[in-house]
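The values are calculated or read from the model by the stated rules, or taken from the named source; none is laboratory data. All of these numbers come straight from a predicted model, not from anything done at the bench. Cβ atoms come from the backbone with ideal geometry, glycine included; neighbour counts cover every protein chain shown.
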Amino acid sequence: MATFTLIVLLTCIWSVVATTSTWNRSNACQSLSSKFPASIYTVGSSEYKSETQAYWSLAAWLEPDCVFAPASSSDLAGGVDVLIKSNTTFAIRSGGHAPTTGIASTGHGVLISMAQFKTLTLHDAPNKYGASYLRCGAANPWGVVYEFLGQHGLSVVAGRIWPVGTGALLGGALSFFSQQRGWGSNNIVNYEVVNADAKVVQVNAKSNPDLFWALKGGGNNFGIVTHYDMKTFKQDKIFGFNMAWPPEQMQKFSDAMTNWMLPGGGREDAKGALMPSTQYTPATDRLEPSLTALYDAPINNPAAFENFSAIAGTDLGNGVQNVSQLVNQTIGYSARVLRWKWYVTSIKFDKETMPIVIDTMVDVAKELIPKFDGFVGVAEEPITIKHLEAAKANGGDPMNLDPKDGGFLMALYYTAYSDPKLDETAENYLKTLISTVEKKTKAKNLFYDFYFLNDLGIAQDAFTSYKGGALNKLKAISRKYDPRGVFQHLVPGYKLGYLVDGS
């Protein structure tokens, strides 16, 4: 009898909780609609479909109760106030390039779309920040930013791929200019933020300086950034390198990467930056390397890239050009036709780095997914000592990576396919691949303990790999500015030591 009573009681409690949760979610959309009728998109509307499918990876397409696309920072603050008071889950999407399901999307509650925040304005020095800067709204993809700045002979330390959005700055942001200037986040002078009190605040070195530091790599754990004020610098034309090679050139490409990474190689020239990738199709056993690279001077065929330019392949747009012209060559990444997953690991620069990265990928794919209906690959992202020194010189960040530990390669392994039934297969392949690679790198003392927030897989954590007690400091800052844990519990994403999955 006691057991039956307990079951009935628990059932009643769960029913109340479930009903309250459903009521809160529905009530939140109704409240938002009454306050901001032009900014709420409901299920069935064309705007709802457009916003919920504005993600690069189809795996991130979920169905929230409604979409809130505020027209201003004050409207966003008013909407966040409604969501906090109703205890409603809300995801935040700017560029929508993160492929992982439920990180910047949600299958319940409210999706906040930053699509209306398209500001691009220049501010010359002298000013209160001591540097010329671009005020950049959170909706802008990097392609639009570079095109705007190119008209003024300027640039910023921003992303490398046309459709990627400003949200990348909250994870650091890897740039073609990182060897000279550090992470993108090292070059922010101010953030405009809607905080956990639903207030619009300015965050910089003088106003909320601890929060300013936290935003340079702390993800979506501290507020919603509406605008980024980014240092600008004069920008001449550059040499853009964009090549693809057939499978028979794979070994030469691997050797060129190794030569670039090692002492005396192309990495020594801070004006050069690489964005390599190697695609593998298991069904045909075909490896295809490619490279997009930037040299920050109008010089044809710079010595920093000579090992790559010597390999016969397909020229996809080499030559002296504007930054925007090179970035425009990556616009194909905006196609929303496939389901993507990725995981990352980091490996010290060494002559064995590339063989481990490539050979292990092929071996695991042949073993686990020999007939995979899609393709896999790896983006081999080099992080140099010069990059880490520049990050320190430009104010540091929560990652706090020490240049004395040397340079390393971030191996971003990915899968791309169409059939949702392959989700579990792709996830298992990536987890096994990362485990296998790390077993090898640890055995050879080549493992570098850093997981880049912007490249994480669903089961990975970045913050525990940050150095110098950064995670504890981030947690303390979170408690200070968000004592109720709004951005730790209501907002999906990579939290400070755990995951909140919005799916």
**Request:** Scan segment 295-311 and give yes if some residue there is more than 26 Å from Gly182 (Cα to Cα) and aromatic (Phe, Trp, Tyr), otherwise no.
**Result:** no
**Asked** (1) closer than 22 Å to Ala60 by Cβ; (2) free of Cβ contacts under 8 Å to residues at least 24 places away in the same chain; (3) of a type in the set (A, V, I, L, M, F, W, C): which one isn't true of Leu430, the others all being true?
**Response** (2)
**Prompt:** If you go through segment 127-138 one residue at a time, do you hit one that is modelled with pLDDT of 95 or more, within 23 Å of Gln329 (Cβ to Cβ) and not small (Gly, Ala, Ser)?
**Reply:** yes
**Request:** Show the residue pairs that are 6+ apart or on different chains and have beta-carbon atoms under 7 Å apart, the first residue being within segment 438-463 and over 19 Å from Leu401 (Cα atoms), the second being of a type outside the set (A, V, I, L, M, F, W, C) and assigned to a helix (DSSP H, G or I).
**Result:** Lys440/Thr360; Ala459/Lys431
**Asked** Among the residues of segment 278-293, is any at pLDDT 95 or above, on the phi < 0 side of the Ramachandran plot and part of a helix (DSSP H, G or I)?
**Response** no
**Item:** Checking Gly468 against (1) in the same structural domain as Lys371 (by TED's automatic domain parsing); (2) over 18 Å from Tyr343 (Cβ atoms); (3) in a loop (DSSP other than H, G, I, E, B); (4) not aliphatic (A, V, I, L, M), the condition it does not meet
**Value:** (1)
**Message:** For segment 443-465: of the residues being of a type in the set (Asp, Glu) and assigned to a loop (DSSP other than H, G, I, E, B), which is farthest from Thr100 (Cα to Cα)?
**Reply:** Asp449
**Message:** Of everything in segment 257-274, what is farther than 17 Å from Ile347 by Cβ and among the aliphatic types (A, V, I, L, M)? Give them in sequence order.
**Reply:** Ala270, Ala273
**Prompt:** In this structure, is Gly502 outside the structural domain of Gly218 (by TED's automatic domain parsing), surrounded by 16 or more Cβ atoms within 10 Å (Cβ to Cβ) and at pLDDT below 95?
**Reply:** yes
**Prompt:** Has segment 412-426 got at least one residue that is among the polar types (S, T, N, Q), at pLDDT 95 or above and closer than 22 Å to Thr353 by Cα?
**Reply:** yes
**Top-ranked residue of segment 200-233 - restricted to ones that are in a strand (DSSP E or B) and without any contact (Cβ under 8 Å) to a residue 24 or more places away in the chain, ranked as nearest to the chain's Cα centre (by Cα)** = Val203
**Request:** Starting from segment 365-380, keep only residues that are closer than 30 Å to Ala293 by Cα and in the same structural domain as Thr278 (by TED's automatic domain parsing), then list their pairs with residues that are surrounded by fewer than 19 Cβ atoms within 10 Å (Cβ to Cβ) and not small (Gly, Ala, Ser) whose Cβ atoms are within a distance under 6 Å, requiring at least 6 positions of separation or different chains.
**Result:** Phe375/Gln279; Phe375/Thr281; Gly377/Gln279
**Request:** Would you check if Asn454 is surrounded by fewer than 22 Cβ atoms within 10 Å (Cβ to Cβ) and out of contact with any Pro (no Cβ under 6 Å at 6 or more places or on another chain)?
**Result:** no
**Request:** Would you check if Asn301 is in the same structural domain as Ala411 (by TED's automatic domain parsing) and either among the small types (Gly, Ala, Ser) or in contact with a Leu (Cβ under 7 Å, 6 or more places away or on another chain) (or both)?
**Result:** no
**Message:** Quick check on my filter: what residues within segment 404-424 are surrounded by fewer than 18 Cβ atoms within 10 Å (Cβ to Cβ) and more than 17 Å from Phe452 (Cα to Cα)?
**Reply:** Lys404, Ser418, Asp419, Pro420, Lys421, Asp423, Glu424
**Asked** Do any residues in segment 400-425 that are at positive phi have Cβ atoms under 9 Å from those of residues that are assigned to a loop (DSSP other than H, G, I, E, B) and at pLDDT 95 or above, where the two are at least six apart or on different chains, and which pairs are they?
**Response** Asn400/Gly217; Asn400/Tyr466; Asn400/Lys467; Asn400/Gly468; Asn400/Gly469; Gly406/Phe349; Gly406/Tyr448
**Request:** Would you point out the residue of segment 380-403, among those that are more than 22 Å from Lys475 (Cβ to Cβ) and among the acidic types (Asp, Glu), that is surrounded by the most Cβ atoms within 10 Å (Cβ to Cβ)?
**Result:** Glu380
**Matching option when the condition is surrounded by fewer than 22 Cβ atoms within 10 Å (Cβ to Cβ) and in contact with a helix residue (DSSP H, G or I) (Cβ under 9 Å, 6 or more places away or on another chain), among Pro298, Pro302** = Pro302
